[in-house]
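Contents: one structure, followed by commentary.
The values are calculated or read from the model by the stated rules, or taken from the named source; none is laboratory data. Owing to the predicted nature of the structure, the values given are computational and were not obtained by experimental measurement. Every residue, glycine among them, receives a Cβ derived from its backbone with ideal geometry; neighbour counts consider all protein chains shown.
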Amino acid sequence: MKYENDILEAKKARLNSHSPYSNFQVGALLKCKDGSSFTGCNVENDGLQSICAERCAFVKAISEGKKNFEYIIVLGGPKGSEPTEKCLPCGYCRQFMSEFVDENFKIIVIDNNEVIEYKIADLLPNSFRF
């Protein structure tokens, strides 16, 4: 399967999720154009400052000086279950990511063990950026 190793890394990152309020664990792997990658997981708190897995991975990459991104894999589901249903980035994450990518940046999700690729421009129509 295409992206197999990266999907496994996103699944590992998902296990680090701190999601005591939703019990919905999300993991992400952000692939840079230079081949490096950064993972992230969702980190909830009892307020409005929770962090999604996608933004976590982007912030880690950007804080390490990365600027050119190819794709992100996002996996999520209830705690203790295998992530098999489509888990798309929220609107806030879509807008956040658009600051750092072009319209061809890919968002990859799994739906019933099928890899589905979206372009960010398809998930964020009429963006301020592209």
Original post:
Taking region 18-70 on its own, how many of its residues are of a type in the set (Asp, Glu), out of contact with any helix residue (DSSP H, G or I) (no Cβ under 9 Å at 6 or more places or on another chain) and under 20 Å from GLU117 (Cβ atoms)?
Top reply: 1
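Condition check ((1) buried (at least 24 other Cβ atoms within 10 Å of the Cβ); (2) more than 9 Å from the chain's Cα centre (by Cα); (3) closer than 20 Å to PRO20 by Cβ; (4) not basic (Lys, Arg)) across all residues:
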position	(1), (2), (3), (4)
THR39	no, no, no, yes
VAL43	no, yes, yes, yes
ASP46	no, yes, yes, yes
ALA53	yes, no, yes, yes
ALA57	yes, no, no, yes
SER63	no, yes, no, yes
LYS67	no, yes, no, no
ILE72	yes, no, no, yes
GLY77	no, yes, yes, yes
**OP:** Can you work out which of the residues in region 93-130 that are exposed (fewer than 12 other Cβ atoms within 10 Å of the Cβ) and out of contact with any Lys or Arg (no Cβ under 8 Å at 6 or more places or on another chain) is nearest to LYS66 (Cα to Cα)?
**Re:** PHE128
Original post:
Limited to region 8-24, what total is found for residues that are crowded, with 18+ Cβ neighbours inside 10 Å and farther than 12 Å from PHE38 by Cα?
Top reply: 4
Subject >> Cross-chain or 6+ apart pairs with Cβ under 7 Å, region 75-102 first and farther than 19 Å from VAL115 by Cβ, then surrounded by fewer than 16 Cβ atoms within 10 Å (Cβ to Cβ) and of a type outside the set (A, V, I, L, M, F, W, C) >> reply: PRO78/ASN23; LYS79/ASN23; SER98/SER127; SER98/ARG129; GLU99/ARG129
**OP:** Can you confirm whether region 19-35 contains a residue that is touching a strand residue (DSSP E or B) at 6+ places or on another chain (Cβ under 9 Å), within 21 Å of SER98 (Cα to Cα) and in contact (Cβ under 8 Å) with a residue 60 or more places away in the chain?
**Re:** yes
Original post:
Quick one: would you say VAL109 is out of contact with any helix residue (DSSP H, G or I) (no Cβ under 9 Å at 6 or more places or on another chain), among the β-branched types (Val, Ile, Thr) and under 15 Å from ALA28 (Cα atoms)?
Top reply: yes
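Output the strands (runs of 3 or more DSSP E) that fall wholly within region 1-116 and possess 2 or more residues being of a type in the set (Gly, Ala, Ser), or say none.
Working: elements: 24-32, 37-41, 69-78, 106-111.
Those strands (runs of 3 or more DSSP E) span 24-32, 37-41, 69-78.
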Subject >> Residue count, region 118-130 (criterion: in contact (Cβ under 8 Å) with a residue 12 or more places away in the chain and either touching a Gly at 6+ places or on another chain (Cβ under 6 Å) or not in a loop (DSSP other than H, G, I, E, B) (or both)) >> reply: 5
Original post:
Can you pull out the residues in region 16-54 that are modelled with pLDDT of 95 or more and hydrophobic (A, V, I, L, M, F, W, C)?
Top reply: PHE24, VAL26, ALA28, LEU29, LEU30, CYS32, PHE38, CYS41, VAL43, ILE51, CYS52, ALA53
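Please specify each residue of region 1-15 satisfying the condition of being modelled with pLDDT of 95 or more and not hydrophobic (A, V, I, L, M, F, W, C).
Taking region 1-15 as the starting set, the residues that turn out to be modelled with pLDDT of 95 or more are 3-15.
Listed by number, the residues that qualify are TYR3, GLU4, ASN5, ASP6, GLU9, LYS11, LYS12, ARG14.
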